[in-house]
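Inspection log for the structure reproduced underneath, given as structure tokens.
The values are calculated or read from the model by the stated rules, or taken from the named source; none is laboratory data. Please read these numbers as outputs of a predicted model, since none were measured by experiment. Positions of Cβ are backbone-derived with ideal geometry, glycine not excepted, and every protein chain shown enters the neighbour counts.
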Amino acid sequence: MSALIEAADLHFAYPQRPPVLAGASLSLSPGERLAITGPNGAGKSTLLQILVGLLRPQAGQVRAFGAERCEEADFHEVRRRVGLVFQDPDDQLFCPTVAEDVAFGPLNLGQSRTDALAMVDQVLSQLDLTSLRDRVTHKLSGGEKRLVSLAGVLAMAPDVLLLDEPTNALDEETTARLIEILLELPQAMLIVSHDPHFRRRVVTRTLRLRNGVLAPPEPACVPI
Amino acid sequence: MGHVLDATATPTPPDAMGAGPGPVRALDPRTRILAAGAFALVTVAIDSLLVLLIPLAMAGVALLAARLPMRQTLKRMVAVDGFILFLVVLLPFSVPGEAAFYLFGWPASWAGIAQAGAIALKANAIVLMLLALVGSMEPTALGHALVRLRVPALLVHLLLFTVRYIAVVDGEYHRQRRAMTMRAFRPGTNWHSLRSLGYLIGMLLVRALERSERILQAMKCRGFTGRLPLLSDMRFRRRDALFAALLLAMLTGLLALDRLHVGAH
Amino acid sequence: MHIVDGALSTPVLIGGGIAAVGGLALGLRALSLEKIPAAGVLSATFFVAALIHVPIGPSSVHLIMNGLAGLVLGWAAFPALFVGLLLQAVFFGFGGITVLGVNTVNIALPAVLVGLLLRRGARGADRRVAALSGLLAGALAILLTALMVALVLWLSGNEFIPAAKLVVLAHLPVAVIEGLICAAAVILINRVKPELFSALVPPAPQVALR
């Protein structure tokens, strides 16, 4: 199976700070749900941003959907097909109403207003969020915002999902709902999460980011 | 916390387009905005104190029709009355005319009292009507209505963005204040207090900028190409036409009454 | 300093309205859709800041922080402060609607002026100059606003002269308070993220391109 997304030997440092990525590599295949774990500040969010071209690595390659991606223009297709769900839903949910926000992606992809709104209804019903359709975004609860931000990304029918700490600040009920939703989605996923219970339910493979490099984690218990 | 802007909202909040319980909320938001504007323009044009009681009464009726919580809304009147009090106290002493009474030898004229009274009535009537007609809708409905009324889209987007993030920033502010209070901060008129508040505001601004950078990134991730959607479903109905006709009649009547009244004196 | 409906004369209201429309046009020219997120979240922050009250002796006063807004937003302060005033009028009953134009000009014009004069110092490398710029920006903006309020009152009729004088006098201590708070804010921003002053106001080019 050819990989959907590949990162080879990425090096990245923020200006005047020690390097965050020092030769990180990964490969995401269709149907996989790959978790990235690691201590705070290890560079997990940075890695996600590099994969969609919001940041450029100082060295290393990003390949997505069979082509190498270097320039801003290369990433336009990537962003159409890779949905990044940000860590803080308030950063993502900016339109006045839920319907408008979920429609934002489809409209940007060139869909007509009617098609976009049809997509909105479809995605909202898929996630069982139809009751939120006309609600005002800044009044939603944290859990509702998280689910709606996911809907906004799914409305673009991406092939891959990147999720940055999706269960952050979610209550148990919403976490359970999110898990159910993710298990039913066909997309390949890259999930940054430090929640072991969540990972255990959802994830198929794990990589740990440590000292700028990605590697399969050491098992917690070593047989004597 | 999303409620910084709508302490006047009812327990059953209006939906995003402003519809909700009561006859006022059944009207199109554009109608409400235009009505409030027309009302304000006519009210400031009226000269007679007696006639001014009518707009005040109209505003009171509108307030009831809007199903706004009375006490909270009337508390908002105090904000208006702060400045009014200021003018009310000073005007009688600076407007020339027959004296009504004397204070420490300074004459307070009837004309001045009348002018101050007129200002008080006008300001309060307009504020009440504004709260009843426009303050009773969701801020997002206000934005959508304004763009349909030909206000430049860029300005409306600024309005909607501001509204969207007031609750978020307010939350950050309150968390910071609580943290400061827990470390025994008590605001006073001293440099330490002022510096702390200044640092707080500065930090809020820094975080605001950083958040806005992330928002723009999130928009680009969803293919932002330089256009923002404004989807709204507003349609003028028969009740809007009826309301407009009624209001127009009343406002014309008010102006006529005022001319007659003033003419008679 | 929010003037209410019904006080000012019609010519003043019309003049204020026209000036406000002009200021808004200039302010919107300085913005683009890409800058709206920054302008919007910053505007929301100033709105929240205006809800803070500072004790001043026995009573307290609400902040305006238009000096700081001018430093950070430049001409965009016009639409940003207009939005704030509109929201305050419509949802809080604070201020008025026929006087919205006048109120906007009274608060936003000093902001823009103060920003033009003092931004360089605020974002510069010299910490003391930055602090001083902040102090001046905060205080001067309040004083100019008070003077403009006095002006529009006076233009509306001689009977408002005592009120006009009182407005200016009453705002002298407020100017000091806002100056000090603005100084502290500028000190922090200068230390933590001086680029904030250039976010919506690009620094003047150093070299002319041919």
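Observations on the structure shown:
- Against the list (1) facing another protein chain (nearest Cβ under 10 Å); (2) surrounded by fewer than 17 Cβ atoms within 10 Å (Cβ to Cβ), the condition A:ALA169 fails is (1).
- Set B:LEU194, B:LEU155: member being at the interface with another protein chain (Cβ under 8 Å from one of its Cβ atoms), at pLDDT 95 or above and assigned to a helix (DSSP H, G or I): B:LEU155
- When residues in the stretch B:135-152 are screened for being assigned to a loop (DSSP other than H, G, I, E, B) and crowded, with 24+ Cβ neighbours inside 10 Å, 4 of them pass.
- Set side by side, the residues B:ALA244, B:ALA256, B:ALA179, B:ALA208 differ, and just one is in contact (Cβ under 8 Å) with a residue 40 or more places away in the chain and away from chain C (no Cβ under 14 Å), which is B:ALA244.
- Output for the stretch B:213-235, where each listed residue is more than 25 Å from the chain's Cα centre (by Cα), surrounded by fewer than 17 Cβ atoms within 10 Å (Cβ to Cβ) and among the charged types (D, E, K, R): B:GLU213, B:ARG227
- Selection within the stretch A:80-102 - in contact with a Cys (Cβ under 7 Å, 6 or more places away or on another chain) and over 17 Å from A:MET119 (Cβ atoms): A:LEU84
- Check on B:ALA111, within 10 Å of chain C (Cβ to nearest Cβ) and surrounded by fewer than 24 Cβ atoms within 10 Å (Cβ to Cβ): yes
- Filtered by the rule that a residue be among the polar types (S, T, N, Q), more than 8 Å from chain B (Cβ to nearest Cβ) and buried (at least 24 other Cβ atoms within 10 Å of the Cβ), the stretch C:35-85 gives a lone residue, C:ASN66.
- Selected residue (criterion: farthest from the other protein chains (Cβ to nearest Cβ)) from residues of the stretch B:211-241 that are polar (S, T, N, Q) and in a loop (DSSP other than H, G, I, E, B): B:SER232
- Hey, B:ALA59 surrounded by 14 or more Cβ atoms within 10 Å (Cβ to Cβ), part of a helix (DSSP H, G or I) and at pLDDT 85 or above or not: yes
- Of the helices (runs of 4 or more DSSP H) that lie entirely inside the stretch A:76-138, those containing 3 or more residues that are more than 16 Å from the chain's Cα centre (by Cα) and either modelled with pLDDT under 85 or closer than 19 Å to A:VAL160 by Cα (or both) span A:98-108, A:113-126.
- Scanning the stretch C:132-139 turns up no residue that is among the small types (Gly, Ala, Ser) and at pLDDT below 95.
- Within the stretch A:102-123, the residues that satisfy the criterion of being more than 8 Å from every other protein chain (Cβ to nearest Cβ) and farther than 15 Å from A:ALA157 by Cα are A:SER112, A:THR114.
- C:VAL114 being among the β-branched types (Val, Ile, Thr), under 14 Å from the mean Cα position of the chain (by Cα) and within 26 Å of C:ILE36 (Cα to Cα): yes
- Only one of the numbered conditions (1) in the same structural domain as B:GLY22 (by TED's automatic domain parsing); (2) aliphatic (A, V, I, L, M); (3) part of a helix (DSSP H, G or I) is violated by B:LEU68, and that is (3).
- Unmet criterion (only one of (1) closer than 30 Å to A:SER141 by Cβ; (2) surrounded by fewer than 22 Cβ atoms within 10 Å (Cβ to Cβ)) for A:PRO89: (2)
- Number of the exception - B:GLY135 against (1) within 30 Å of C:VAL167 (Cα to Cα); (2) more than 7 Å from chain C (Cβ to nearest Cβ): (2)
- Every pair of residues 6+ apart whose Cβ atoms lie under 6 Å, when the first sits in the stretch A:68-92 and is away from chain B (no Cβ under 11 Å) while the second is assigned to a strand (DSSP E or B) and surrounded by 18 or more Cβ atoms within 10 Å (Cβ to Cβ): A:ARG69/A:VAL62
Results for (1) more than 8 Å from chain B (Cβ to nearest Cβ); (2) touching a Lys or Arg at 6+ places or on another chain (Cβ under 9 Å), shown as yes or no for each residue.
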position	(1), (2)
C:VAL152	yes, no
C:ILE161	no, no
C:ALA164	yes, no
C:ILE177	no, no
C:LEU180	no, yes
C:ALA185	no, no
C:PRO194	yes, yes
C:PHE197	yes, yes
C:LEU200	yes, yes
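- Condition met for C:LEU81 (within 22 Å of C:LEU13 (Cα to Cα) and either of a type outside the set (S, T, N, Q) or over 9 Å from the mean Cα position of the chain (by Cα) (or both)): yes
- Residues of the stretch C:14-23 satisfying the condition of being closer than 17 Å to C:GLY74 by Cα and either free of Cβ contacts under 8 Å to residues at least 24 places away in the same chain or surrounded by 22 or more Cβ atoms within 10 Å (Cβ to Cβ) (or both): C:ALA20, C:GLY22, C:GLY23
- Filter pass, B:ALA145 being at pLDDT below 90 and more than 9 Å from chain C (Cβ to nearest Cβ): no
- Among the residues of the stretch A:4-39, those identified as under 22 Å from A:LEU161 (Cα atoms), touching an Asp or Glu at 6+ places or on another chain (Cβ under 9 Å) and surrounded by fewer than 21 Cβ atoms within 10 Å (Cβ to Cβ) are A:SER25, A:LEU26, A:SER27, A:PRO30.
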